[in-house]
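Reading through the structure tokens given below for one structure.
Just so you know, all these numbers are worked out from the coordinates, no wet-lab data involved. In this text the structure is predicted, and so the values were computed from the model without any measurement. For neighbour counting, all protein chains shown are included, and Cβ atoms are generated from backbone atoms with ideal geometry for every residue, glycine included.
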Amino acid sequence: MRNIKGIIQYDGTGYKGWQTQKDSLTIQGLITNCLTILTRQSVKIIGSGRTDAGAHAIEQVISFKILSDINLQKLLKSINAILPEQIRVLSLEEVSLDFNPRYDAKEKTYLYIIDNNHSISPFISKYVWNLPFKLNIENMIKAALMFIGEHDFSAFTVLDRESKDCVRKINDFKIFFHKKISFMNFSLEGNFIVIEITANGFLRYMVRNIVGTLVDIGRGKIKHKHLQSIFDSKDRRLAGVKAPAKGLFLKKVFYE
């Protein structure tokens, strides 16, 4: 038995998220089908975590166990030849049998991109949230700092949440402002906001709800000084809107 670790990158546009679902097109489902064909055995893929329908991954980490002695470079090329072009396997390596990409993960970093311009370039429209109005950046930064540390994030996940334990620790929260972003060999000019959050774990919709809350604070719909009371309430209805999935990227998963 061999345990194989893989690094996956994908554009989630048009897919029903990461996790396999019956009668739905998902990232995990497509990769599972490819591996089953190529290894001629039933394959179970474990991912570092789920991503929402329409969200993307720069580095998703997976593992799967196989009996085959197939060369991994050959397997890598064969998988990418079968997968749609929106999904790429970047690397494969054999690891210890007890490696689990979900439970062994120590931290994850997500980033979210906001296009703060009156018009949006068609080249990036699938990967950003376009907000054509002024935002109070100073208040957004003040609010972002309040998310750092260990908190109960019940107000920033789904109302019918599966997990009863909603305590997570955000270790780093950064907001970057760019006057241009690169696309292929040219630059798109304007106002762009990149939000980057690193934590020991994330709840369902947590990043999108945090981003939406920051935007509502930037618009003046929520006062940043009221953020602690939202935490204390554990009430999803008091937090901000849920940001659309298309601006969300799983950037990195960290292990010891």
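Classify the range 2-95 as rounded, prolate or oblate, taking a ≥ b ≥ c as the square roots of the eigenvalues of its Cα gyration tensor: rounded when a/c is under 1.5, otherwise prolate if a/b is larger than b/c and oblate if not. Verdict is prolate for the range 2-95.
Report, ordered by chain and residue number, the lysines lying within cross-link reach of K22, taken as a straight Cα distance under 24 Å and ignoring same-chain residues fewer than 8 apart. Candidates past the 8-residue exclusion: K44, K65, K246.
Histogrammed with a bin width of 5 Å, the alpha carbon distances of the range 107-254 distribute as 2, 9, 20, 23, 21, 13, 7, 3, 1, 0 percent, first bin at zero.
The relative contact order of the chain, computed from alpha carbon pairs under 8 Å that lie at least 6 residues apart in sequence, is 24 percent. Distance from the Cα centroid of the range 105-171 to that of the range 43-96 is 27 Å (rounded to whole angstrom). If you take the square roots of the eigenvalues of the alpha-carbon gyration tensor of the range 199-256 and sort them as a ≥ b ≥ c, do you get rounded (a/c under 1.5), prolate (a/b over b/c) or oblate? It comes out prolate by the Cα gyration axes. Derived value for the range 1-42: Kirkwood hydrodynamic radius 11.5 Å. Basis is the mean of 1/r over every pair of different alpha-carbon atoms.
Only sites in a loop by DSSP and with at most 16 other Cβ atoms within 10 Å count here; which GluC sites (Glu not before Pro) in the range 22-122 make the cut?
Numbers: sites: E59, E85, E93, E94, E107; in loops: E85.
Passing sites in the range 22-122 are E85.
Each Cα pair of the chain feeds into the Kirkwood radius, which the Stokes-Einstein equation turns, at 37 °C and 0.692 mPa s, into a diffusion coefficient of 169 µm²/s.
Each stretch of four or more DSSP H residues adds -39500 (n - 2.57); spread over every residue of the chain, this sum gives -6500 deg cm²/dmol at 222 nm. My understanding is that a pair violates if its Cα-Cα distance is over 28 Å; which of K164/K251; K74/K252; K106/K126; K126/K225; K142/K169; K106/K234 do that in this structure? Exceeds cut-off: K106/K126; K126/K225.
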